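The values are calculated or read from the model by the stated rules, or taken from the named source; none is laboratory data. Here the structure is a predicted model, which is why all the values come from computation and not from measurement. All Cβ positions, glycine included, derive from the backbone under ideal geometry; neighbour counts span all protein chains shown.
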Amino acid sequence: MKKQLVMVGIVVLFIFVGLSGCTNNPLNTERNRFIGSWVNSTYGIQTTYTFFNDGTCSIPFGYMHVQGTYTVEGNQITFKYEPSFMDVYKFSFSSDGNTLYLTKVGTEIATAYTKT
């Protein structure tokens, strides 16, 4: 009897260990959709946002790119970059996931970016 209880305990332990990696955090999933480079060529000027899986990014700032970080919460993405700037955008994706629409909070103008 004692041997059977030990075996049941071992089986239960394996089940818990096996299922411990089965989390589906929707925030991480949503953030992962950004990873890669996104290009916009409105008005003949090419603008590229590049997102990395560690939460860092390269974003346009005037005529140069700066390194920063990004966080995703709900339907908003927040960019933070040096020295102490922060921009917040509402975002959405096309149904195929290859177009990203960014709308700076406080404006109604959406800019479309295509994944490269």
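Scanning segment 71-97 for residues that are among the aromatic types (Phe, Trp, Tyr) and at pLDDT 95 or above yields a count of 3.
Among the residues of segment 86-97, which ones are farther than 18 Å from VAL72 by Cβ and either in contact with a strand residue (DSSP E or B) (Cβ under 7 Å, 6 or more places away or on another chain) or not small (Gly, Ala, Ser) (or both)?
Result: ASP96, single match.
Restricting segment 82-109 to residues that are in a loop (DSSP other than H, G, I, E, B) and either within 16 Å of THR48 (Cα to Cα) or charged (D, E, K, R) (or both), which is nearest to the chain's Cα centre (by Cα)?
ASN98
In segment 12-57, the qualifying residues are those that are part of a helix (DSSP H, G or I), polar (S, T, N, Q) and at pLDDT 80 or above, and the one that is farthest from the chain's Cα centre (by Cα) is THR42. Scanning segment 71-97 for residues that are touching an Asp or Glu at 6+ places or on another chain (Cβ under 9 Å), within 20 Å of THR114 (Cα to Cα) and among the hydroxyl-bearing types (Ser, Thr, Tyr) returns a single hit, THR78.
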